[in-house]
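Working notes, structure below.
Each reported figure results from applying straightforward, stated rules to the coordinates on display, with no laboratory input. The shown structure was predicted, so the numbers you read here are calculated from the model rather than taken from an experiment. As a convention, Cβ positions derive from the backbone with ideal geometry for all residues, glycine included, and neighbour counts pool all protein chains shown.
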Amino acid sequence: MNAVMYGAGNIGRGFIGPLFAKAGYRVTFIDVAEKIIDGLNDNGFYPVRLLSNEVIEEIWITGVNAVNGTHEQKVIDRIAEADILATAVGVKVLPAIAPLIAGGLKKRFRLGAAPLNIIICENLIDADKFLAEQVSKNLDAGEIKQMEEQVGFVEASIGRMVPLQTPEMQEGNILRICCEKYGFLPVNKDAFVGEIPKIAGIVPFGNFDFFIQRKLFIHNMGHSLCAYLGMLLGDTYISDTITRADVLFIVQNAMLESASALEMKFGVKPQDLFDHMRDLLCRFNNRSLMDTCARVGADIERKLGPADRIIGAITCCKEQGVVPAFISIGAAAAFHRLIKERGVEQSEENVLALLEKVSGMDKHSAEARLILAMYLKIRDGIKPGELIYSALSLGNKADVI
């Protein structure tokens, strides 16, 4: 059995590739990092180090090879031969790889190959629709019909945390990936074409919008709040920030706001959401990962986008009548950081402009005013912990939004 893993980075090598390899697939990574490609081809294996505060475990992933993504015909041939395909390249790269995926599909259609399922491991709501649209641009009408019948675009919810890989972590082996042990990958059960492959760790679920929004509005939102509050307080590592009692209180309550909204929106059991939150908060405290606030908080403009983790969570709360008071503290910290990175004045005018331009918010809306109020307090030197009472006082005021 052949699996193609498009992207040999942290998630590709550190999470999805190992799941495929353990299930008995021969895994071909596609990437453009020449040293990684050469190393995988020369060795045929690589190490994954699983880190926790209690124990460090190293496993070896075998039966792997790699293809340079610039070698278009080789990429097309591997996709044509694949039994399963996954992507973990980053949302911005998907349009660039779509033509080669389309080329592989065309060859499959000509050869009469079996249906192909593509597991999409990207942080994007409706990633399945986005990738299908990008691929379709490179197909004719008949091929699009074949794609709709024979190709499954399967969304996945990536939960494993993988930090930036430092030379100290690699210990002289650039192929080594250090990450947490968490290995649960929910995928959209309803998107598969044909038989769903049995791969340990990959768990198909219906009602998949819930899992995507849970990942974005609880996990990603809480993680990013740790990052922006940590930057504000001068912390380097996420594990240092989350051990601050005031930050823990803010992040936990921000996650509770999202959880309350998702509970009402999807009718899920609150206990399941609370258990998930507790697990995340423990995982954020994984000191061995040495995960930095800078990494988790990078690409602020995207993360403050209208449908992304912070503003998307606020919108979800608004729709369900939940006051996003604690999420707004984190949003304010994120805008404070964005303005600092841009090197412009910390001012009401600038943050309101960013709320409209970056986050698509009406600056006169109640939720924008709430973020602004928290931002002005932060700008004036009030520490996050001192904003807790302000947030608590809003908790029962549904008319705030």
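Taking all pairs of distinct Cα atoms, average 1/r, flip it, and tell me the Kirkwood hydrodynamic radius of segment 234-279 in Å to one decimal place.
Taking the inverse mean of 1/r over all distinct Cα pairs, segment 234-279 comes out at 11.6 Å.
Over 30 Å, how big is the tail of the calculated P(r) for the chain, in percent of all Cα pairs?
Result: 44 percent of Cα pairs exceed 30 Å.
Using alpha carbon coordinates only, what is the Rg to Rh ratio of segment 210-400, with Rh defined as the Kirkwood radius?
0.93
Would you work out which of M277, V64, L175 lies farthest towards the positive end of the dipole of the chain? Charges go on Cβ: Lys and Arg +1, Asp and Glu -1.
Of the candidates, V64 comes out farthest on the positive side.
Quick one: check the C-alpha center-to-center distance for segment 326-401 versus segment 1-61, whole angstrom.
41
Rounded to the nearest 20 Debye, what is the dipole magnitude of segment 1-119 about its Cα centre when Lys and Arg each give +1 and Asp and Glu each give -1 at the C-beta?
I would put it at about 480 debye.
Could you give P(r) for segment 125-211, binned at 5 Å from zero, as whole percent values over all Cα-Cα pairs?
Cα pair-distance distribution for segment 125-211, in percent: 3, 12, 16, 15, 15, 13, 11, 9, 4, 1, 0.
Cα convex hull of segment 253-292: mean projected area in nm², to one decimal?
3.2
Relative to the Cα centre, what is the charge dipole magnitude of segment 159-306, using +1 at the beta carbon of each Lys and Arg, -1 at the beta carbon of each Asp and Glu, and rounding to the nearest 20 debye?
Charge dipole, segment 159-306, about its Cα centre: 220 debye, nearest 20.
For a quick check of your reading of the filter: which GluC sites (Glu not before Pro) in segment 1-98 sit in a DSSP loop and have no more than 14 other Cβ atoms within 10 Å?
E54
Counting other Cβ atoms within 10 Å, which trypsin sites (Lys or Arg not before Pro) in segment 47-156 have at most 16 and lie in a DSSP loop?
When the trypsin sites (Lys or Arg not before Pro) of segment 47-156 are filtered for loop state and at most 16 Cβ neighbours within 10 Å, K137 remain.
With 10 angstrom as the radius, rank F29, F184, F109, F266 by how many other C-beta atoms surround their C-beta, starting from the fewest.
F184, F266, F109, F29
Fully extended, how many nm does the chain gain between F266 and L392 (0.36 nm per residue separation, minus their Cα-Cα distance)?
Gain on stretching F266 to L392: 42.8 nm.
Can you tell me what share of the DSSP beta bridges in the chain is antiparallel? A percent to the nearest 5 is fine.
Around 25 percent of the beta bridges assigned by DSSP in the chain are antiparallel ones.
Hey, any idea what Rg/Rh is for segment 246-354, computing Rh the Kirkwood way over Cα pairs?
Result for segment 246-354 is an Rg/Rh of 1.00.
Take V32 and N350, extend 7 Å from each Cα along the Cα→Cβ direction, and tell me the distance between the two endpoints in nm.
Each label point lies 7 Å from its Cα, and together they span 3.3 nm.
Could you give the radius of gyration (one decimal) and Dmax (whole number) of the Cα atoms in segment 201-299, in Å?
My reading of the Cα-based Rg and Dmax gives 13.9, 42 Å.
From zero up to wherever the largest Cα-Cα distance of segment 315-360 sits, split into 10 Å bins and tell me the percent of pairs in each.
P(r) over segment 315-360, rounded to whole percents: 24, 50, 22, 4.
So what is log10(I(q)/I(0)) for segment 1-118 at q = 0.09, 0.13, 0.19 1/Å, when the Debye sum runs over its Cα atoms only?
-0.24, -0.49, -0.98
Taking the Cα-to-Cβ direction at D126 and at N2 and moving 7 Å from each Cα, how far apart do the two end points lie in nm?
3.4
Choose one answer from S288, S224, S328: the residue with the largest mean-square fluctuation in a GNM of the chain with alpha-carbon springs under 10 Å.
Looking only at S288, S224, S328, the largest GNM fluctuation is found for S288.
For the cross-link pairs K215/K269; K129/K215; K35/K181; K106/K129, which exceed 21 Å when the distance is taken from alpha carbon to alpha carbon?
Violating the 21 Å Cα-Cα cut-off are K35/K181.
Any chance you could run the full-extension gain for A366 through D246? It's 0.36 nm times the residue separation minus the Cα-Cα distance, nm to one decimal.
40.7 nm
Quick one: which residues, 5+ away or cross-chain, put their amide H under 5 Å from the amide H of N117? H built at 1.01 Å from N.
Those lying under 5 Å, H to H, from N117 are L85, G152.
What shape does segment 2-206 take by its C-alpha gyration tensor, where a ≥ b ≥ c are the square roots of the eigenvalues and a/c under 1.5 counts as rounded, a/b above b/c as prolate, and the rest as oblate?
prolate
Ranked by Cβ crowding within 10 angstrom, fewest neighbours first, how are V351, V89 ordered?
V351, V89
Which helices of the chain meet both criteria: a Cα extent of 30 Å or more along the helical axis and a mean Kyte-Doolittle score no lower than -0.5, with helices taken as whole DSSP H segments?
Once both thresholds are applied, what remains is 245-266.
Mind checking which of L111, L100, L248 has the largest fluctuation in a GNM of the chain, springs on alpha carbons under 10 Å?
Fluctuation is largest for L111.
Given the DSSP H assignment, sum -39500 (n - 2.57) over each helix run of at least 4 residues in the chain and divide by its residue total; what's the result at 222 nm in deg cm²/dmol, nearest 500?
-14500 deg cm²/dmol
Could you line up T292, T166 from fewest to most neighbouring Cβ atoms inside 10 Å?
T166, T292
To the nearest 0.05, what FRET efficiency results for K145 and K92 with a Förster distance of 45 Å applied to their C-beta separation?
For R0 = 45 Å, the calculated efficiency reads 0.95.
Computed from the mean reciprocal separation of all distinct C-alpha pairs, what Kirkwood hydrodynamic radius does segment 314-401 have, in Å?
Hydrodynamic radius (Kirkwood, Cα only) of segment 314-401 equals 13.1 Å.
With charges set only on the Cβ (+1 for Lys and Arg, -1 for Asp and Glu), what does the dipole of segment 70-181 come to about its Cα centre, in debye to the nearest 20?
It comes to approximately 220 debye.
Cross-link candidates for K383: which aspartates and glutamates have Cα within less than 16 Å, leaving aside residues fewer than 8 places away along the same chain?
Qualifying aspartates and glutamates at Cα under 16 Å: D235, D246.
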